Amino acid sequence: MFRSQRLIEAFEHVATAEEWRWFGPMVARGTMHVGVDGWPLFSHATLTAYDSLYQALVERTLQKLRSGEWIARGISPAYGPEARQIDTHLWDYLCIKHRGEEAEGNGFHFLALTISSLRPTELPVPQAQKALLRRQLTQWLCIQADKAKWPLLRTEQLAAVREAFPNDTITDNMFRDCRRAAQLPDHLVQKGRPKTKGSGF
């Protein structure tokens, strides 16, 4: 997962290790591929290979953006100087312009593009899906409580739950509520620490 990288720098996440070892040092970070005297910094063959790989990485990036796996922000001159999130469906029409700083198409134009990968926790979860997950988790806890090797410590139980449900977000509150609903045996419910005698609190 990554957040707010320049689009051309996000290419690292779609390139192979071998491609990036060659392409990464050539990524323009505030400089052009020509020197101050106007002559290219690289040979014609190198620049041709660069353009070919650049286009391949652009296409892989567009696939991520069109699927919604990645989100992009950019400044639209039509809406002012503030960066805005670009709607996923617009990537069916937008083309990434050379150097990966802009996208344009179908009357839309965005500058200073940045990319973030979308974290699972950022996705809104429907209430019905949450209720189903709670029922599944409660049932799973009941089954595990009957097993001799089920851990006693709450922290270890939570770790086991998250390992068993790797594609779901199990919060501390959800885990606590499901443990109560499962009516676990007393020896599996970790008690709070007793107050210290004579502390006055």
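No value in this document is a laboratory result; all are computed from the given coordinates. What you see is a predicted model, and the numbers here were worked out from it, not measured in a lab. Glycine also receives a Cβ, built like all others from the backbone with ideal geometry; neighbour counts cover every protein chain displayed.
Here are some notes:
- For Lys97, residues with placed amide H under 5 Å, excluding near neighbours: Glu102, Ala103, Glu104
- Proximal charge balance of Asp87 [Cβ under 12 Å; K/R count +1, D/E count -1]: +2
- All other residues whose Cβ lies under 15 angstrom from that of Ala49 are scored, Lys and Arg at +1 and Asp and Glu at -1, for a net of -2.
- Extension gain, Phe165 to Gln127, is 11.9 nm, computed as 0.36 nm per intervening residue step minus the present C-alpha separation.
- Net charge, Gln129 excluded, C-beta distance under 12 Å - Lys, Arg +1, Asp, Glu -1: +2
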